[in-house]
Amino acid sequence: MTSKVKVNMRLCGKTHIITVNMREDGDLDCNIETNCANVKEFSEGLEKVSMNDLTDKATSGIVDRYRDCRMSANCLVPAGLISAGWMEVGMISRNNARKNKANDVEFLFDD
């Protein structure tokens, strides 16, 4: 089954669609649709990820790529890729994802 997430980066005006599919060998095929040059750079080499990439921050290719590209430190695309992967492998319930729709970063102000 395909897992898909949309990352809305409202502060920079960019939207990214991330699609993840389980392969027969247990790895995951990943695709990131974006019009952001930095996210495109991030996605290079992440067309296939492993369970280790999703679960072990110390050795994750996703985390390595995030650290080594020009993407800003507050971009949510890496979290979106990991979340789509987690849903695809069953670590996030599809029913829970369908019910809750999103995780948010909310800016709070004491006015």
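What follows draws every value from the coordinates through simple rules; no lab data is involved. No experiment lies behind these values; they were computed from the predicted model shown. Backbone-built Cβ (ideal geometry, glycine too); neighbour counts: all protein chains shown.
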Next on the checklist: What are the pairs with Cβ atoms under 6 angstrom where one residue, in region 71-100, is farther than 25 Å from E44 by Cβ and the other, located anywhere, is of a type outside the set (S, T, N, Q) and surrounded by 20 or more Cβ atoms within 10 Å (Cβ to Cβ)? Sequence gap at least six, or different chains.
Outcome noted: A97/M87
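Does any residue of region 14-26 turn out to be more than 30 Å from E106 (Cβ to Cβ), surrounded by 14 or more Cβ atoms within 10 Å (Cβ to Cβ) and not β-branched (V, I, T)?
yes
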Next on the checklist: Of all residues being among the acidic types (D, E) and under 22 Å from M87 (Cα atoms) in region 45-76, which is surrounded by the most Cβ atoms within 10 Å (Cβ to Cβ)? Just the residue, please.
Outcome noted: D53
